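Okay, structure first, notes after.
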Amino acid sequence: MERGSEVPDRAPSSGLPLTLSVNGWRVVVVGAGPVGRRRVEALLAAGARVRWVAPRVPAVPAVDDGRAARFDPTHLDDARLVFACAPPAVNDAVVTAARARGLLVGRADAPAEGDFAVPAIIRRGPVVLALTSGAPAATAALRRALEARVP
């Protein structure tokens, strides 16, 4: 399938699990709700240079480019990865703009419409467990069960 063409009918769990080094990458997160905040925290911990775009962006010292603005495709300038974590209409625009630029985009409200999905993660020192499935509730239950068992 050609990039930018119709979205395939697939579940995010049917993809290829990867661990991606984003250290030093410009990564754009659109949306400042709970999911957007979690993405920003995880990206900062991974060493990404975060551009956070939303009508109201919380002051987070480690975010080097927070923009209190409505999304505009120019916010994707110099980005390597994009997270659409806003309301559906905004996420539609983010996905369209990211694909037009050849960027990978993850969509929080409809993962199958993005290029990747973020798994549930359990971190224990150097050990990282990533869990994903086509059923978010099942993934969350499995994560809770494993968190209690992983030392």
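The values are calculated or read from the model by the stated rules, or taken from the named source; none is laboratory data. Because the structure is a prediction, the values reported are computed rather than measured. For neighbour counting, all protein chains shown are included, and Cβ atoms are generated from backbone atoms with ideal geometry for every residue, glycine included. Side chains are part of the model used for accessible areas, which takes the heavy atoms of the whole protein and leaves out ligands, DNA and RNA. Shrake-Rupley method; radii C 1.70, N 1.55, O 1.52, S 1.80 Å.
Would you work out what percent of the accessible area of the chain, with all protein chains in place, is carbon or sulfur (probe 1.4 Å)? Don't jump to the answer; show the numbers that get you there.
Numbers: 5070 of 8930 Å².
It is 57 percent, rounded to a whole number.
Give me the Debye-computed log₁₀ of I(q)/I(0) at q = 0.17 Å⁻¹ for the chain, equal point scatterers on Cα only, no solvent, two decimals.
Cα-only, vacuum Debye calculation for the chain: -1.02.
Taking the dipole about the Cα centre of the chain, with the C-beta of Lys and Arg at +1 and of Asp and Glu at -1, give me whichever of 31, 104, 141 is farthest to the positive side.
After comparing all options, I get 141.
Among 102-111, 125-134, 64-73, how do they line up by average Cβ neighbours within 10 Å per residue, starting with the highest? List each step's numbers first, then the result.
Working: 102-111: 18.5, 125-134: 12.6, 64-73: 14.8.
Ranked by mean Cβ neighbours within 10 Å, highest first: 102-111, 64-73, 125-134.
Roughly how much of residue 16 is accessible, in Å² to the nearest 10, using a 1.4 Å probe?
140 Å²
Based on the Kirkwood radius over alpha-carbon pairs, what is the Stokes-Einstein translational diffusion coefficient of segment 56-142 at 25 °C with 0.890 mPa s viscosity, in µm²/s?
On the way: Rh = 14.8 Å.
Stokes-Einstein gives a translational diffusion coefficient of 166 µm²/s.
Just how much of residue 139 is accessible, in Å², when a 1.4 Å probe is used and the result is rounded to the nearest 10?
20 Å²
When the helix-only estimate is applied to the chain (DSSP H runs of n ≥ 4, each -39,500 (n - 2.57), divided by the residue count), what is the mean residue ellipticity at 222 nm, nearest 500 deg cm²/dmol? Don't jump to the answer; show the numbers that get you there.
Details: 3 runs with 39 residues, N = 151.
Result for the chain: -8000 deg cm²/dmol, rounded to the nearest 500.
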